[in-house]
Amino acid sequence: MRAHGPVWLPRGPANRWLPLASGRQIAAQVRSHSHGLWRWLVLAVVAMTISALTSLALPVATGMVVDQVRTHGPLSGLIAPGVMVVTAVIIGAVASGAGQALTPSYFAAVLARLREDMLARALDLDQQLIEQAGSADLVARVGDDVATVRDSVNAGLPRMVNTSILLVVAASGLAAMSPLFLLPLAAGAVVFTASVRWFLKRAPAIYRNERQASARQSQDILSTLHGLDAVRAFGLAGLRTGIVARSSWQAVRWELRGRFLSNALVVRLVIGEAVVIIGQLLVSYPLVTGGHVSVGQASAAGLLLLSLMGPLRFLLMFIDDLQAAYASLQRIVGVLGVDAHHAPQGDDSFAAPTDGAGAGQPGAGSPAGARSGVGPSDTGPVESRPVGVGPMDTGAMEAGPIEAARIEAGRIEAGPMETGRIEIRHLGFAYRPDQPVLSDINLTIAPGEHVAVIGESGAGKSTLAKLISGTLSSSSGEVAVGARPGTRGPAVVLVSQDIHTFSGSLADDVTMGAPASTADDQLAALARDALDRVGADWATDLSMVVGRLGTALSPAQAQQVALARVLVADPAIVILDEATAEAGSAGARMLDRAADQAIAGRTALVIAHRLSQAAHADRIVVMARDRIAEVGTPDELLARDGEFTRLWRAWQAER
């Protein structure tokens, strides 16, 4: 059966939201992630059915007491209803408690599995796709949307299941006393149904827009904070404040629309309740006077209907929360449907769940699966796993003794190649079709060779680094890299100047990129050795907590940690994208020595921030206007008196 594709929503000329999943796709994912959990739901339904049956005891017992008093019966006639109420209270309390405990066990476990798989898929998404949608959209899905669904699961779903069962049981009890007692309930159902249909016609769009407005607000706030230095330097505080204010007001407007809609639903539900109560009085009078039911039975029916109004209102009002949760669930499951390296293009772009996928087991997006290098985007022997070097880390692509990870126009294939070799053929890339960033790039880097890439800002140096690392997918041409034999380490690791320090111990931060086969007792020794080799004399305590929850590292220290990660990951190829640019003159030499340690014995591509770095490379690639202008050794390029010579002379004049 052909699945309906995700819906892409417009976000301006250059941006698209991540997709939303359809109801069919959500149901398929929930079924897939429910493997082994159905027994908890069945037990919960059984427990809540027992609880609902016991709730009939009080109205029925009250009716029995009314008839006993009205007919002046003996006092012993009150024993039976009393025993009925006490027994029902005890059994009902146990059954209700069991149902309330078992229902979240099912729904929360399914949500936890969905969240784990979504996070695994999010970490594997193409960077260009995330940039198009806005990182805040993804952050909101991982954070706010999961919280919205979780709150509904914990607070509302158990009671919703209980109320639904209670309605069925109560309707059966009313029919047993007299089928005519169902008429008030049917009249109220007409009003309730009309109210809910009116609500459902308006609610989905409002809640969807509310979530997107919130994501846009988060994006504007995050982009302002990330570029705070530039905002202050160029006097853009007023402009950015206005942008955040407008997006915040849009988020408030959509939230208020949701509140107004919810309040209007309450008014309609109160009218429906009035119809039920008045209808019950109108039906009970002729039934009692005609001798069809006793006064006690009419009283029991009235009490039963009154006891239903509270749960019924909750059930119908919970539709409000359910709509918000459904909108969030569309966004959560939508991430699971995104191809890891391509934006969805057609109806088949949503990845249908497979048997056992998402069940929280290795290979299904679970943490265990991620550690073993098996994830939702595995392709044969090619492993895709983050190594934690920085915000633009590559995956670790491992292969057999003569296998290579090949990235051809966005496709990953296998092919024979020497370990550490890089081949680039007719490579092209453009963020927009009419604005090429790279055109017809051809380059071969031998195993163990150190190549420096230089050029003016905007020449495409960083884009080339991302394409080789696999962070971006090419528009045309191909890139092939030779991986290490076996599982010794990743094929490519990219280190940029924008380094992120993860919250946790220093040892964990350094060793997060260790090969999956590394024994736990070896990690501390690897971290100590790597930090010593990059000259991190300050790192005396591996248990020291770093990041936002601990010690804040200086830019130079953070770069040392990133370079230490490279040594632990033990890649065949290292790409340094201006990785020592943040140190300033005081720490530049120290970081240069650390970088030399990181690339020693490996193939290296260095995006040079200073020409002094390029002077020590085996070869230099000079880029200009989206193409390679020159390639050669430093001496060869200086002798040509070309672009490199011009840059060299300009750099020498500024020293």
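Numbers at a glance
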| read-out | value |
| --- | --- |
| Rg and Dmax of the range 413-542, Cα atoms only, in Å | 17.9, 53 |
| For the range 466-557: relative contact order, % (alpha-carbon pairs under 8 angstrom, 6 or more apart) | 26 percent |
| Contact order relative to length of the range 207-273, as percent, for alpha carbon pairs under 8 angstrom and 6 or more apart | 46 percent |
| Student exercise, the range 23-342 dipole from Lys, Arg, Asp, Glu Cβ charges, in Debye to nearest 20 | 460 debye |
| Anisotropy class of the range 511-603 from Cα gyration tensor, a/c 1.5 cut | oblate |
| Estimated vicinal HN-Hα couplings, Hz - the range 421-427 in sequence order (Karplus 6.51, -1.76, 1.60; Gly, Pro = x) | 7, 10, 10, 10, 10, 6, 6 |
| Neighbour-count order for 67, 532, fewest beta carbons within 10 angstrom listed first | 532, 67 |
| Relative exposure of 195, 457, 439, judged by other C-beta atoms within 10 Å (fewest first) | 457, 439, 195 |
| Linear extension gain, residue 633 paired with residue 93, 0.36 nm per residue minus alpha-carbon span | 186.2 nm |
| Footprinting exposure proxy for 618, 537 (fewest neighbouring C-beta atoms within 10 Å first) | 537, 618 |
| The range 185-325, relative contact order in percent, only Cα pairs under 8 angstrom and at least six apart counted | 39 percent |
| For residue 502, residues with placed amide H under 5 Å, excluding near neighbours | none |
| Total formal charge among the other residues, if their Cβ is under 12 angstrom from that of residue 638, Lys/Arg +1 and Asp/Glu -1 | -2 |
| Options 214, 200, 128, ranked by Cα towards positive dipole end of the range 128-217, top entry (Cβ charges) | 200 |
| Stretchable slack from residue 554 to residue 154, in nm (0.36 nm times residue separation minus alpha-carbon distance) | 139.8 nm |
| Theoretical gain in end-to-end length, residue 653 to residue 264 [0.36 nm per residue, Cα-Cα removed] | 132.7 nm |
| Under 12 Å, Cβ to Cβ, from residue 37 - net charge with Lys/Arg +1 and Asp/Glu -1 | +3 |
| Convex hull volume per residue for the range 169-263, taking Cα atoms only, in Å³ | 98 Å³ |
| Highest average packing first - 639-648, 95-104, Cβ atoms within 10 Å | 95-104, 639-648 |
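Just so you know, all these numbers are worked out from the coordinates, no wet-lab data involved. None of these values were measured; they are calculated from a predicted model. All Cβ positions, even for glycine, are placed from backbone atoms using ideal geometry, and neighbour counts span all protein chains on display.
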